[in-house]
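Worksheet for the structure shown next.
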Amino acid sequence: MADYEIIKPKVDLRKKIKILPNSSGFDPVAKAEQAMERLSLNFGNWMRDEIAKLQFSWEQAEKAGLSEENLDKLFRSCHDIKGQAHTMGFPLAGLIAGSMCDLIENIPSPDKLPVELLRKHVQAITAVVKEDAREEDNAIGKQLAEKLSVLAADYIAQNTETDPSKNEG
């Protein structure tokens, strides 16, 4: 179980606008919500495009190794998914991408990165989107995201601890 709880505040856009007198029934919030509804029809396609970019970056990293350049491309791909997934209706993909970002950010040397664990993250993100697991309470997706997060956190903790012998003397 996670040591934290994610609280998502409800955003009430009506508190952010000024209603003008004589606006003849124009409701900017309703218009914005309608626009989001129209855009949301494309969210699945956009996420599949992001997955294709992630898979391409991963394939390049597997073929040529985790060079700084390949690692940067891989990180940008998973970071984009992390940032966009919730808005596009794939919060579990975002959680998994976040744990992958944590690995890349917190392991100082590319040669110390756990290739198999990175592969599992890419596969899991792909599966969540492919299976259209959009709900945060999707039992299998949630369990997968939590397990990968724990594995990543454990790996980071084991590989970023300071060497006690360096603190002597």
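The values are calculated or read from the model by the stated rules, or taken from the named source; none is laboratory data. From a predicted model like this one, the values you see are computed outputs, not experimental measurements. For accessibility, only protein heavy atoms count, side chains too; no ligands or nucleic acids. Shrake-Rupley method; radii C 1.70, N 1.55, O 1.52, S 1.80 Å.
What to note about this one:
- All positions within the stretch 137-161 that are open to solvent by 80 Å² or more (accessible area, probe 1.4 Å) and under 18 Å from residue 87 (Cα atoms): 137, 142
- Residues satisfying the stated conditions in the stretch 59-102, i.e. under 15 Å from the mean Cα position of the chain (by Cα) and on the phi > 0 side of the Ramachandran plot: 89
- Single unsatisfied condition, residue 100 versus (1) assigned to a helix (DSSP H, G or I); (2) under 20 Å from residue 140 (Cα atoms); (3) open to solvent by 80 Å² or more (accessible area, probe 1.4 Å): (3)
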